[in-house]
1. I want to confirm something. Restricting to the range 311-324 and keeping residues that are touching a Lys or Arg at 6+ places or on another chain (Cβ under 6 Å) and not aliphatic (A, V, I, L, M), which single residue is farthest from E224 (Cα to Cα)?
2. Filter the range 89-122 for residues that are in a loop (DSSP other than H, G, I, E, B) and among the basic types (K, R); which is surrounded by the most Cβ atoms within 10 Å (Cβ to Cβ)?
3. State which residue is nearest to the chain's Cα centre (by Cα) when the search covers only the range 241-291 and only residues that are among the aromatic types (F, W, Y) and within 21 Å of K17 (Cβ to Cβ).
4. Does E262 qualify as being acidic (D, E) and surrounded by 24 or more Cβ atoms within 10 Å (Cβ to Cβ)?
5. Take the residues in the range 31-75 that are farther than 24 Å from M104 by Cα and assigned to a helix (DSSP H, G or I), then tell me which one is most open to solvent (accessible area, probe 1.4 Å).
6. All but one of (1) buried (at least 23 other Cβ atoms within 10 Å of the Cβ); (2) closer than 14 Å to A270 by Cβ hold for L287; state the number of the condition that does not hold.
7. Yes or no: the range 277-284 includes at least one residue that is of a type outside the set (S, T, N, Q), closer than 30 Å to Y130 by Cβ, in contact with a helix residue (DSSP H, G or I) (Cβ under 6 Å, 6 or more places away or on another chain) and surrounded by fewer than 19 Cβ atoms within 10 Å (Cβ to Cβ).
8. With the structure loaded, tell me whether S84 is over 23 Å from the mean Cα position of the chain (by Cα), under 27 Å from E359 (Cα atoms) and open to solvent by less than 30 Å² (accessible area, probe 1.4 Å) or whether it fails that test.
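The values are calculated or read from the model by the stated rules, or taken from the named source; none is laboratory data. These numbers come from a predicted model, not from an experiment. In this analysis, Cβ positions are derived from the backbone assuming ideal geometry, glycine residues included, and neighbour counts consider all displayed protein chains. In case anyone asks, the SASA skips ligands and DNA or RNA and just uses the protein heavy atoms, side chains included. Shrake-Rupley method; radii C 1.70, N 1.55, O 1.52, S 1.80 Å.
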Amino acid sequence: MKKIRIIYDYQALGFQKYGGISRYFYELYVFFRETNKRYTSAKLPIVFSCNFYFDSYVKARKTYIGKYGLLANQIKTIINIYGSFLRGKPYDIIHPTYYYPEYMKFIPQFIRKKSKLVITVHDLICEMFYPQNEDLEKRKNIIREADAIVTVSEKTKEDLLRIYPFVDEKRVKVIYHGNSMMKPTEKPVVKLPDEYILMVGNRSEYKNGVTLFRALMKIREKNENIHLVCIGGGTFSNEEMQEIKALGINHFVIQKSLSDQELYYAYKYAKCFVFPSLYEGFGIPILEAFFCGCPVILSNASCFPEIGQDAALYFEPDNVEDLSEKICFVLDNPEMAIQLSHKGKERLKNFSWEKTQKETFEFYKMILNNL
């Protein structure tokens, strides 16, 4: 079997230090470059990166990639694609790590047609919540141009086909993410409340953190010991602080930024993990909570029921009363918390990076055989 030659690009490595998108491409890159090197070769032509996952592959890591750093990355990518073609070994697969591969306009059609362009659609947040975004036309163009598309959930695929009806469903493949959370070898010192609800990630706008803030006020009427710990998402904004103070919960809401090792124990000791978002393409924190044995409560929206199935409790996204009741139910019923923890670990068995890698490899092969 002829080796499949794959090129990934610099985009996600220029704006994510950590995060689901860059982790996904890191797992693919390592697999196709090393684990599966008998059948594939993978290239990442890049000069500058701000990403931690790729540290061993890209040594010129910076805190911030400016326009000159992006330009250097773009030039190296173009040179690499041209050079590969001139050596008689054009790439079989070009898989950009985000929606705006500006370098493609510098690749002439006689080179472009030698490769299959694959993109991964992680979500349709921009299309659904920010319809005036000036980059939407670029996103639409790359989706139209792609020879094949990976989506990370059935719901994302459904939204893609609805919003972009010109997409041929035969070109789209659903491939789930895997879990990256690992149990630390040493227990770090993390100061957290004795009893707390956990939220991970951004909280503003469609992330719907305000609903959880309002639910906490109601929960504290029954449980004076409970706190809310928000991990990541930056410090509270002025609007959030005003809301928190107006609700009278400012002494019981904490924001922290934690390492992966610290985050493991934040999940492990939480009374429950709540994901109140109105929309996600997949929801990696769900898998992290499952791995750590943390009971999960999800918004009954988007892809959440698809990913969580019966391993989570669900609430109506804008219903504060419903959310507070679900959380109190878990807090007041230790047996339910244990049951959710067990179900989460069983559900997690359906998601792994090994599965993601193998399914992507099979999809690449299908693409090269014209699906």
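1. So the residue we want is F315.
2. Selected residue: K114.
3. Residue satisfying both the conditions and the ranking: F282.
4. no
5. Among residues in the range 31-75 that are farther than 24 Å from M104 by Cα and assigned to a helix (DSSP H, G or I), the one most open to solvent (accessible area, probe 1.4 Å) is T35.
6. (2)
7. Within the range 277-284 (the criterion being of a type outside the set (S, T, N, Q), closer than 30 Å to Y130 by Cβ, in contact with a helix residue (DSSP H, G or I) (Cβ under 6 Å, 6 or more places away or on another chain) and surrounded by fewer than 19 Cβ atoms within 10 Å (Cβ to Cβ)), the answer is yes, since at least one residue qualifies.
8. Details: over 23 Å from the mean Cα position of the chain (by Cα): yes; under 27 Å from E359 (Cα atoms): yes; open to solvent by less than 30 Å² (accessible area, probe 1.4 Å): yes.
When the stated conditions are applied, S84 passes them.
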